[in-house]
Amino acid sequence: MKLLFKVFSLVLLSLIMALEAYSISNYQIFKICSKKRKEKACIKRLKFNRELIYRGKPIEIPVYPYKTK
């Protein structure tokens, strides 16, 4: 009985968390990219990534190594 309760609560919690995922709006994209040097490229990249996430496809996230001084 405890196992059933744990499994049920885990499934319920994961569904609640998945339903509360919000996508970024066009206004937020423009606000983020207005400070960038290549504004149009930034807007295009963010909109493309948003579309990929909406379709359930993976996106590339660049990882920059930390440089010590």
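The values are calculated or read from the model by the stated rules, or taken from the named source; none is laboratory data. All values reported here derive from a predicted model rather than from experimental measurement. Ideal geometry is used to build each Cβ from the backbone, glycine not excepted, and the neighbour counts take in all protein chains shown.
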Condition met for Arg45 (assigned to a helix (DSSP H, G or I) and either at pLDDT below 90 or acidic (Asp, Glu) (or both)): no
Pairs, first closer than 19 Å to Arg50 by Cα in segment 10-30, second at pLDDT 80 or above and among the hydroxyl-bearing types (Ser, Thr, Tyr), C-beta under 8 Å, six or more apart: Ser23/Tyr54
